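Following: one structure in structure tokens, then a few remarks.
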Amino acid sequence: MQASHPQRSRETDIKEFFASVRAHTEKLCEPLEIEDYIPQPVIDVSPVKWNIAHTTWFFEEMVLKQFVPDYQAFDPDFAFLFNSYYNSVGERTPRDQRGAITRPTVERVFEYRKYVDDKMVELLSEPPPSEGGQHAEHTNWPPAYAGGSDLADLVTLGLNHEQQHQELLLTDLKYTFSLNPLFPVYREDYAPVEVFDKETESFVDVEAGVYEIGFEGDGFCFDNELSRHRVFLEDYAIRKPLVTNLEYLDFIDDGGYHNSKLWHSDGWDWVNTNKIDKPLYWTERDGELFNYTFAGLRKLSLEAPVAHVSFYEAAAFAEWKEMRLPTEFEWEAASDKFDWGLRWEWTNSAYLPYPGFRKSAGAVGEYNGKFMINQMVLRGASVITPPGHSRNTYRNFFNPHLRWQYTGIRLAK
Ligand SMILES: [Fe+2]
């Protein structure tokens, strides 16, 4: 423990964390025109306006209404409008109609953010009571307990939630922009840096044994990273570099999308029903392959790690290579032996609770647990994951057909 005012310095940290995360969201909006905030072309993709309002809603519903006596909501209708999936908070806008909410205006949503920010700063500036009372756990920041319901836990969860939506804001926007025949530029200079180890076919051998999986230590984690537990792994090898666009192109050229033997049954249906023959955002012009990026349409970089592929595609590619995807446990146990962070890496693990996992009692109990069905786990982080938001125990999850996130492939055998 520090010698002087450790408690004060922790409180300053959470206030700084709050200010920096909230400011970062608004920074991401700077290149946008007002029209960019509204569209929702498909159900999975939310409008920018909804993303920036919903992250604010989280603080109003989960924090301010619980911890500020006689809190006056900015607008009582927003509790309904910007609820995502919390049944215990009440009714909400149907997910596929988020783009239809043209009012409140974008300007009013920014006023909502400002109102909630001011109230949050007031709340976080209050001195904690000496003992007992709602703010007694103030001294806990950070770390916060995943799934906990005291003030520190909920604010920390809210900030991590907003960071998740920062990534979604960008990937949702990219998807919407990609449908525009003019291929809009988000930012001319916005080409996330991809430092990539090109050492192909380099595998790390991992010995069979008992490994500990799940979060441990100080700092924040989501409830789905708990509890830490043991797994037994057989001998395996995991590849150091991610699969590149060039390798993926070889799979396409070898007829990968037309060979039913490589695909799961659901994947084969998905390929045929949706006429899939390349990763999302690849497009052919005059015999050349281009890729839609935040900086507009660019020639496909063959050396970059492949992105925007579904679990079905990742699994079929691995099958074609006569290899497989790692399980999430194999990934975590070897994660200090390769570089990660450029792509969310599909694993061959279904999204299931760890032993000892418990949903918390309040509304935040709906955060992760109820989604542990019909989804696959992705490990790592992506080039647009906010700084400080990744760790080797982080469990991302999506339905196997989805590919608007920066999803990629790492091989195992
Ligand atoms: Fe959310």
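Numbers for the structure displayed
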read-out	value
Cα-based equivalent ellipsoid of the stretch 11-178: semi-axis lengths in Å, sorted from largest, via gyration tensor	29, 16, 14
Fewest-first ranking of 218, 269, using other Cβ atoms within 10 Å as the exposure measure	218, 269
Cβ-placed point charges (K, R +1; D, E -1), dipole of the chain about Cα centre in debye, nearest 20	440
Relative contact order, percent, the stretch 342-413 [alpha-carbon distance under 8 Å, six or more residues apart]	44
Debye equation applied to the C-alpha atoms of the stretch 73-118, log10 I(q)/I(0) at 0.13, 0.19 Å⁻¹	-0.31, -0.65
q = 0.11, 0.16, 0.18 Å⁻¹: log10 I(q)/I(0) that the Debye formula gives for the stretch 285-398, counting C-alpha atoms only	-0.47, -0.91, -1.08
Acute angle (nearest 10 degrees) that the helix 311-320 long axis makes with the longest principal axis of the chain, alpha-carbon atoms	30
Positive-end extreme of charge dipole, the chain - chosen from 340, 42, 151 (charges on Cβ)	42
Qualifying trypsin sites (Lys or Arg not before Pro) in the stretch 305-338, DSSP loop, other Cβ atoms within 10 Å at most 10	none
Cα long-axis angle, helix 106-125 against the chain (0 to 90 degrees, to the nearest 10)	60
Relative contact order, percent, the stretch 41-112 [alpha-carbon distance under 8 Å, six or more residues apart]	41
The stretch 192-408, Cα convex hull volume normalised per residue, Å³	142
Trypsin sites (Lys or Arg not before Pro) restricted to the stretch 260-318 and DSSP loop, no more than 15 other C-beta within 10 Å	275
Modelled FRET efficiency - R0 25 Å, residue 359 with residue 228, Cβ distances, 0.05 increments	0.90
Antiparallel DSSP beta bridges within the chain, as percent of all bridges there, nearest 5	95
Computed E for residue 80/residue 15 - FRET, C-beta separation, R0 35 angstrom, nearest 0.05	0.75
Cut-off under 5 Å, modelled amide H: who pairs with residue 203 long-range	240
Computed label-point distance, nm, for sites residue 285 and residue 27 using a 7 Å Cα→Cβ extension	3.1
Helix-only CD estimate at 222 nm, as mean residue ellipticity for the chain, using -39500 (n - 2.57) per DSSP H run (n ≥ 4)	-9500 deg cm²/dmol
Sum of side-chain charges, residue 360 neighbourhood, beta-carbon under 10 Å (Lys, Arg +1; Asp, Glu -1)	-1
Cα-based Rg / Dmax (Å) for the chain	22.2, 71
Where GluC sites (Glu not before Pro) fall in DSSP loop in the stretch 9-93, at most 15 other Cβ within 10 Å	33, 91
Where labels lie 7 Å past Cα in the beta-carbon direction, separation of residue 254 and residue 391 in nm	3.9
Length-normalised contact order of the chain in % [C-alpha pairs under 8 Å, at least 6 apart]	17
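Each reported figure results from applying straightforward, stated rules to the coordinates on display, with no laboratory input. Quick caveat, the model's predicted, so the values are computed rather than measured. Every residue, glycine among them, receives a Cβ derived from its backbone with ideal geometry; neighbour counts consider all protein chains shown.
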